[in-house]
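The structure under discussion appears below in the form of structure tokens.
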Amino acid sequence: MMLLVPILAVPALAGLCCLLVRSPRVMACANVLAFGVTVALGVELLLQVQAPPYVVIECEEFFRADALSVWMVLLISVVSLGSSLYAGRYFRRDLAAQAVTSGRVKEFFVLTPLFTTGMFLVVLANSLGVMWFALEATALSSVLLVALYNRNTSLEAAWKYVILGSLGLALALFGTVFTYAAGIDQKSTVPHSFNWSHLMAMAGQLDPRMIKLAFVFVLVGYGTKAGLAPMHTWLPDAHSEAPSPTSAMLSGVSLKVALYALLRFHILTTACLGSAFSGTLLLVFGLGSMCLAAPFILVQTNLKRLLAYSSLEHVGLICVGVGLNSPVTIWGALLHMGYHALTKPVLFFAAGNIHQTCHTLQMRLIGPGMAKVLPATAVCMGLAAVAATGLPPFGLFFSEMTILNGGFAAGHSVVSTIVLLALLGAFCGILYQLTRILLGVPKVIRTTDAAPLDGVPAMGLMLGALLVFSVWLPAPLRFVMHRAAGIIGGESVP
Amino acid sequence: MNPVQSDLASQCITLLAAGMLVIQLLMVVQGMLLTNIRLFALQSLMLAAIAAIIAFFHNNATHVYWVAGLTLVGKVFFLPWLLNRQVRRMQIEQEIAPLLNSSASMLLCGGFTLLGYIVARPFTSLERLGNNTLGVAITLLLTGFFLMFNRRKAITQVLALLTVENGVMLAAVALTTYGMPLVVELGIFFDVMVAVMVLGLLVYRIRETFASMDVSKLSQLKG
């Protein structure tokens, strides 16, 4: 049975179907249904890669899914499901408040599944060239989502996002071309394959200078899309100006999909040159992102920008985990990817509810006492904030501890200490800022009715999944993650 | 392919690549938007010619004809037409003072060219066709970036992005003989087309909202 093609086709078809219908309710249902199906297909895929040959290949090797791709497919489908569940109610409120036109809502429900299809294609493509243009497609579909509200600031954010993103992707394309050139046999006249499996098989014979140059280009290029400092300047703008369901997708998975593309090149470079070169670069950029994010979190005044900088920090931590390059830290980084993908959307959904009630994201104007105004939202936000800062019982505590532990055990005590300090800064910043708006007595009189139960199903789903997976990782999932960690760590897995 | 033919093809490609670089430098100093668009069309025409030459001289590179054809249709005719229409509709033809004046930008771009050649130096032995085409490609990349930061009109930034894209295509042709697999080339082509349309849409909305195409006015989001 074909599996990879349906995973790509279902959301794409849902997006096209939404072109034909008028009612926002039907469009939202179509989105939820499509992503529900992709989650089921993702689980089926997870079960298929349990047995040898551990990869699923379709369409004459055009699509290929190994353990790392499967892990990403699961993340993408779960986050998309959550954010489509939330989007229905969110836009119903926006339409009622006349914050958007119905045309724009349609734009959202058409582009979001296409955005998701692009991300699926990134992780399922065998060819590195196809991976590149799929990433460009995700950038192009999400830029219109960022500009959805058509405010001055959202247009500015969209412009920055598309210009910086395209520049980054142009650099990544340079790197991709170099990688392709490095693999060409000087004497052969047959155009050779650009497939991942092919390149990995001949990694030892690739021209090392070319691969080095290629990795630098790709790091800066895909690093821009993944939001690594200092190319991150588009990130807080785009995350804060996009509608909340889109912010959740951007932060929850889009950053990680770009990181996935970077990791593929890291794996290739490691196979060719050893881990020292690309691993060190990832470590430096990851640490830089973490150190830069922490002070911005401490002094932030805008709620969604606060969350965006927190994403920057988590992406940095994932890079550090991979860059430290011991099996333990890579495992921690993968775990962190998953838990962060479940946590951050909840925070953005809650921020969306607060935005719709208070009509501002400035925390000074939101004021204290949100727990009294929006109790359910405040509880979810509080729990997710506790999770995002890395407190037990949530999984992010374990993944952060795993990375730190692995770092110290591998003798990188300086790096680990810096990571610890940056985490501490973010911890203080997020808890301080959020307690200020959630707790206390409400001071501002609101004219908008609070809708206390808005978005609770979506937030409940994500938080529930986070709690369950924090204490219990099903055996198939654990197996796939171990294999994925092995692939990143350069173990010769068949 | 016999050596004489190969030599001829190689010389043509070198000449055309040098032409692309000259046009890029002209764009850096040219202030009129419409002229800039024409220059870009000419640069793309040279890229299409390079692809056509490769397809003609190599027996088993017929898919490169596709690349040449797509470049001709897309980058020489369609995109310049689209941008032209947009500029005329907005009735803004002159770029207001760029950040750096033209003589300083020219000097800087001379530096970029030098840098491009230095970076490409270790790889000249890997070039299959032409001399120093990789150096030209990297220079196109660097000057494209500079063009983007130096100008404030949204349309010029789009053009700068497109010249960077031309640079990548030149690198692909120079380093790999046959270009990349057709499916990748097609994907890149459609992405570029869609990218320009999306950018055009955004420019239109920015113009509606800000009554200007000057992107330096986009400066509210900070910190």
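FYI, it's all coordinate maths here, none of it is from the lab. For clarity, every value in this text was computed on a predicted model and none was experimentally measured. Here the Cβ positions follow ideal geometry from the backbone for every residue, glycine too, while neighbour counts run over all protein chains shown.
I'd like the orientation of helix A:67-96 relative to chain A: the angle between its Cα long axis and the longest Cα principal axis, in ° from 0 to 90, rounded to 10. Helix A:67-96 and the main axis of chain A meet at about 20 degrees. Evaluate E = 1/(1 + (r/R0)^6) for B:Val73 and A:Ser23, where r is the Cβ-Cβ distance and R0 equals 51 Å; express this FRET efficiency to the nearest 0.05. That gives a FRET efficiency of 0.80.
Counting neighbouring beta carbons within 10 Å and listing from fewest to most, the residues B:Lys222, A:Lys344 come out as B:Lys222, A:Lys344. In the frame of its principal axes, the range A:75-232 has Cα extents of 66, 28, 24 Å, reported largest first. Exposure proxy for A:Thr116, A:Thr280, A:Thr179: other Cβ atoms within 10 Å of each Cβ, ordered fewest to most, give A:Thr280, A:Thr179, A:Thr116. Listed by chain and number, the lysines whose C-alpha is less than 21 Å from the C-alpha of A:Lys256, apart from same-chain residues fewer than 8 away, are A:Lys160, A:Lys225, A:Lys304, A:Lys344. In a reduced charge model with +1 at each Lys and Arg Cβ and -1 at each Asp and Glu Cβ, the range A:4-488 shows a dipole moment near 1020 debye about its Cα centre.
For chain A, the longest principal axis of the alpha carbon atoms and the long axis of helix A:413-438 meet at an angle near 20°. What dipole magnitude, in Debye to the nearest 20, does the range B:3-213 give about its Cα centre under +1 on Lys/Arg Cβ and -1 on Asp/Glu Cβ? Here the size comes out at about 540 debye. With viscosity 0.692 mPa s and temperature 37 °C, the Kirkwood radius over alpha carbon pairs of the range A:249-380 converts through Stokes-Einstein to a diffusion coefficient of 203 µm²/s. When both bridge partners sit in the protein assembly as shown, DSSP labels roughly 100% of those beta bridges antiparallel. 3J(HN,Hα) couplings calculated from phi for the range A:231-247 with the Karplus curve 6.51 cos²θ - 1.76 cosθ + 1.60 (θ = phi - 60°) are, in sequence order, 9, 8, 4, 6, 5, x, 5, 5, 5, 7, 8, 6, x, 4, x, 5, 4 Hz; Gly and Pro show x. Modelled spin-label separation between A:Asp449 and A:Glu58, with each label point placed 7 Å from Cα along the Cα-to-Cβ direction: 4.5 nm.
D for the protein assembly as shown, whole µm²/s, Stokes-Einstein with Kirkwood Rh over alpha-carbon pairs at 37 °C and 0.692 mPa s: what number? Approximately 126 µm²/s, per Stokes-Einstein.
Dipole magnitude for the range A:347-494: about 320 debye, using +1 per Lys or Arg Cβ and -1 per Asp or Glu Cβ, origin at the Cα centre.
Taken as Cα centroids, the range A:349-376 and the range A:2-43 sit 31 Å apart, rounded to the nearest whole angstrom.
Which parts of the range A:235-260 would a label at B:Gln220 reach, counting a residue when its backbone N lies under 13 Å from a point 7 Å out along Cα-to-Cβ? Counting only backbone N, you get A:241-242.
Across the range B:194-205, coupling constants 3J(HN,Hα) worked out from phi with the 6.51/-1.76/1.60 Karplus curve, θ = phi - 60°, read 5, 4, 5, 5, 4, 4, x, 4, 5, 4, 4, 5 Hz, and Gly and Pro carry x. Mean separation of Cα pairs under 8 Å and 6 or more residues apart, divided by the residue count, gives the range A:4-488 a relative contact order of 16 percent. Calculated mean residue ellipticity at 222 nm for the protein assembly as shown: -25500 deg cm²/dmol, from DSSP H runs with n ≥ 4 weighted as -39500 (n - 2.57), summed, divided by the residue count and rounded to 500. For the range A:454-461, the Karplus equation 6.51 cos²θ - 1.76 cosθ + 1.60, evaluated at θ = phi - 60°, returns couplings of 4, x, 5, x, 5, 5, x, 4 Hz by residue, with Gly and Pro reported as x.
Note on chain B: percent of Cα-Cα distances in each 10 Å bin, starting at 0 and stopping at the bin with the largest distance, equals 8, 33, 33, 19, 6, 1, 0.
Across the options A:Cys380, B:Ala211, A:Ser197, the greatest Cα extent toward the positive end of the charge dipole of the protein assembly as shown (unit charges at beta carbon of Lys, Arg, Asp, Glu) belongs to B:Ala211.
This ranking places A:Tyr149, B:Tyr65, A:Tyr86, A:Tyr260 by how few other beta-carbon atoms lie within 10 Å of each, fewest first, which gives B:Tyr65, A:Tyr149, A:Tyr260, A:Tyr86.
Modelled spin labels at A:Val414 and A:Ala9, positioned 7 Å past Cα toward Cβ, are 5.5 nm from each other. Of the residues B:Gly144, A:Asn325, A:Gly82, the one whose Cα sits farthest toward the positive end of the charge dipole of the protein assembly as shown, with +1 on the Cβ of Lys and Arg and -1 on the Cβ of Asp and Glu, is A:Gly82. Put simply, the amide H of A:Ala229, placed in the peptide plane, has neighbours under 5 Å in A:Ser289, leaving out anything fewer than 5 places away on its chain. When the Cα atoms of the range A:201-271 are aligned to their principal axes, the ranges along those axes come out at 47, 22, 10 Å in descending order.
Rounded to two decimals, the Cα-based Rg/Rh of the range A:340-494, with Kirkwood Rh, is 1.07.
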